[in-house]
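The values are calculated or read from the model by the stated rules, or taken from the named source; none is laboratory data. Predicted model only: the values in this text are computed from it and were never measured. Reconstructed Cβ throughout: ideal geometry from the backbone, glycine too, with neighbour counts over all protein chains shown. The area values use the complete protein model at the heavy-atom level, side chains included, leaving out ligands, DNA and RNA. Shrake-Rupley method; radii C 1.70, N 1.55, O 1.52, S 1.80 Å.
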Amino acid sequence: MSEMSNKELANYFTFLFYLPFTDQPLKRRKRHRRKQVKNQEPCLMRGVYYKNMKWQAAIKVEKRQIHLGTFSSQEEAARLYDRAAFMCGREPNFELSEEDKRDLKQQSWEGFLACTRRKITNKSMLLLLKQP
């Protein structure tokens with residue numbers, strides 16, 4: 001018994017302790033790991049994450065995560081996050097142009113979300129129409 005490793009000793013004592021009390025074998029918890037996508041560039045920008053083979057932009061407002069859109073590039077998602085961050089008074093990834101700032105100041109938060117979602121829907125519809 002002195003030649004057993006710590007892990008073997010722990011398993012032995014666990015076996016001795018639980019054997020008289022149960023008829024069923026011990027169940028061990030499995031550790032689940034996230035799937036790693038090969039050749040995936042790491043996400044370096046605020047409000048952007050990689051999911052389902054696409055870059056997604058999201059922002060948290062009043063303890064709620066709001067999905068802003070799905071894009072093929074990390075930069076596109078970050079640019080949309082920047083516009084939402086400006087509306088919420090947060091720090092952006094990139095500096096916005098004065099024209100963008102002026103346009104965003106004229107919109108309400110709900111108007112911004114509606115406009116963003118409409119643009120994404122129209123973009124998706126155009127892509128569907130182009131496919132043969």
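Multiplying the residue separation of K60 and L113 by 0.36 nm and removing their Cα-Cα distance gives an extension gain of 17.8 nm. Between K101 and K51, the FRET efficiency estimated from the beta carbon spacing at R0 = 30 angstrom works out to 0.50.
For Y81, Y49, the ranking by accessible surface with the largest value first comes to Y49, Y81, using a 1.4 Å probe.
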